[in-house]
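What follows is calculated from the coordinates using simple rules that are stated; it is not laboratory data. The structure displayed is predicted, hence computed values, not measured ones. Please note: Cβ atoms are built from the backbone with ideal geometry, for glycine as well, and neighbour counts cover all protein chains shown.
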Amino acid sequence: MYVLGIAVALLFFALALGLYELYLRSLPSYKAAAQFPGARVYPLVQNVFTVMLKSQLEAFDDARKWARQYGASYRFLIRGVLFVQAVRYKEVEMLLCSTRLIRKSPLYKLTFPFIGEGLLNSTGDKWHQRRRILTPTFHFNILQSFLQTFHEESSKLVLQLNEHADKDIVTELQPLSTQITLNTICETAMGIKLDSTETADVYKRNIRTVGTIIQHRLMNPLLYEDSVYKALGYQAKFDQILTPIHAFTRNIIKKRRQMFHATVDNPADLSEDNVYTNIKQRYAMLDSLLLAEAKQQIDDEGIREEVDTFMFEGHDTTGSAFVFIFLSIANHQDVQERVYQEIYATIHDRSDPAEPLTIQDYNNLKYMERVIKECMRVYPPVPFISRFVTEDVRYEDKWIPKGSVISVEIFDLHRDPEQFPDPERFDPDRFLPEHVEKRNPYAYVPFSAGPRNCIGQRFAMLELKSILTAVLREFRVLPVTKRDEIVFVADMVLRARDPIKVKFERRNV
């Protein structure tokens, strides 16, 4: 009887597995998967072991390998869900230009404990409302008011690099990039100098740790389930880091709110376009949120979400761009010299060469802009973005069913040989107007595109131009790390496994 019982149990187990496989094959995702190239789909497990349980290095390398192997957008099936990895502009255009497909994929929920449902993570009416509140924060006049902060932080960086140059130090770029971008976004977002208090130092350390924790969870799919994450003790450790971060943010919001109401009469009567002219202290993005609060458009928790979102998005991505821009100009001395000559010509024409540049001056640095854009093509700060498909999508002869996930693999999209011939060659002139107009606009999306494009892209470009101008006026950047030595690892922001280093040499002008 015992043997018979085991046999019956095994029979029912096999039957259950067979029914589960039939269920998977009956799903729309299974039929839709046949339209795209991809790895073999195994019974029951589908592609789970194809993409999961990999190291960060393996995950990054595999994605590049598949893009080269298939030469087109490809797919995976995992637990009945279709994942389309878009590496060509047709799928990217379909996804990003849609006004309906704006919901972020479930991967972004990993950031919820930190930034909640701010602009990065929200969807539907909430996202539209927050976008309306925050868009004026990046208008021309407000960006102009941030130039002083950009100039001050760039000047501090130059002073630091003077010591490096005097001592012939090999400089690791990541700590420098984190320092300047975190200081800048903190002052422009919250109106506080991070290098001014001990509490700020704790905040700075903790916000770096947050990125590491999110990255660890991202690479361990077993930790995606909140119940598992909590049961294994990871959530408690994360909360220990988040508690002082959120306390710091809330304290700043409280103080700034008091200053705001003490210096602004009838804030509810102000418009978003003139709030910055009615504040006696230096304007911060937080002031626009406090204005929205006065108009009952956002509550205290909503303000906290958006400020933390600014901090999370505003330093890590720009910091990545900083690292790879300096790597690129160090390894392409001819490009660096052209950028320097353009800066010199701009300064030389001014009555006071020491006077900080204006937005118009930065806008006129056309070659520098092409260099930054080419750096972001070769090294996109955000290597992928991901959306959840909320309704069936049809384009050309393909369809993607509701419930699927589409990821734009920006790193591979920017290497499409049809859009960027000889894609591994570093060539800023790809972004001359006559070349840009020949390309599909969705072939190059370092700041995403469409309705959910990066709201802070002009801010980021201006900050990077300010840093480059300040540094190249004083120093030559010499190569230490070579481009072919870089080993990338999978993350939400483009990162190298090993430190990227350069040397700074004083110019003899």
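Under 5 Å between amide hydrogens, built in the peptide plane, is the criterion, and for Phe475 it picks out Arg507 among residues at least 5 positions away or on other chains. Here Lys230 and Met52 are evaluated by their C-beta separation; at R0 = 25 Å the FRET efficiency comes out at 0.75.
Note on Trp399, Trp66: ascending count of other Cβ atoms within 10 Å places them as Trp399, Trp66, the fewest first. Of the residues Ser122, Asn363, Ile455, the one whose Cα sits farthest towards the positive end of the charge dipole of the chain is Ser122 (charges of +1 on Lys and Arg Cβ, -1 on Asp and Glu Cβ, taken about the Cα centre).
Here the translational diffusion coefficient of the chain follows from Stokes-Einstein with Rh set to the Kirkwood radius across Cα pairs; for 20 °C and 1.002 mPa s it amounts to 86 µm²/s.
Which value in Å does the Kirkwood hydrodynamic radius of the stretch 310-365 take, with 1/r averaged over all unlike C-alpha pairs and then inverted? Write out the running numbers ahead of the final one.
Working: mean 1/r = 0.0754 Å⁻¹.
When all Cα pairs of the stretch 310-365 are included, the Kirkwood radius is 13.3 Å.
Entry for the stretch 81-126 at q = 0.13 Å⁻¹: log10 I(q)/I(0) = -0.38, Debye formula applied to identical alpha-carbon scatterers, no solvent contribution.
The magnitude of the dipole of the stretch 108-506, with charges of +1 and -1 set on the Cβ of Lys/Arg and Asp/Glu and taken from the Cα centre, is near 560 debye.
Which ordering of Ile303, Ile213 is given by a fewest-first count of other beta-carbon atoms within 10 Å?
On the way: Ile303 22, Ile213 17.
Least crowded to most crowded, the residues run Ile213, Ile303.
Among Tyr42, Tyr283, Tyr70, the ranking by other beta carbons within 10 Å of each residue's beta carbon, starting with the fewest, stands as Tyr42, Tyr70, Tyr283. The stretch 15-52 and the stretch 332-355 have Cα centres spaced 58 Å apart. Legend: residue pairs Lys193/Lys465; Lys126/Lys398; Lys204/Lys255; Lys167/Lys366; Lys373/Lys438; Lys156/Lys465, Cα-Cα distance threshold 23 Å; pairs beyond threshold, Lys126/Lys398; Lys167/Lys366.
So what is the relative contact order for the stretch 384-439, in percent, with contacts set as C-alpha pairs under 8 Å and at least six apart? All intermediate terms of the calculation are to be shown ahead of the outcome.
On the way: 52 pairs, mean separation 14.4, N = 56.
It rounds to 26 percent for the stretch 384-439.
In percent, how large is the relative contact order of the chain, given Cα pairs closer than 8 Å and 6 or more residues apart? Can you show the working numbers first?
Values: 676 pairs, mean separation 125.1, N = 509.
Over the chain, the number comes to 25 percent.
Dipole of the chain computed with +1 at Lys/Arg Cβ and -1 at Asp/Glu Cβ about the Cα centre; of Tyr89, Val493, His151, farthest Cα towards the positive end is Tyr89.
Please give the charge dipole size of the stretch 102-188, origin at the Cα centre, charges +1 on K and R Cβ atoms and -1 on D and E Cβ atoms. Round to the nearest 20 debye. Kindly include the intermediate steps, with their values, before the conclusion.
Working: 9 positive and 9 negative charges, 168 e Å.
Charge dipole of the stretch 102-188: 800 debye, to the nearest 20.
For the stretch 132-243, the C-alpha radius of gyration divided by 2.2 N^0.38 Å, with N the number of residues, is 1.40.
The mean sequence distance of close C-alpha pairs (under 8 Å, at least 6 residues apart), as a share of the length of the stretch 428-509, puts its relative contact order at 23 percent. In summary, the helical segments of the chain meeting the span-like criteria, namely a full DSSP H run, a Cα extent along the axis of 24 angstrom or more and a mean Kyte-Doolittle hydropathy of at least 1.0, are 2-26.
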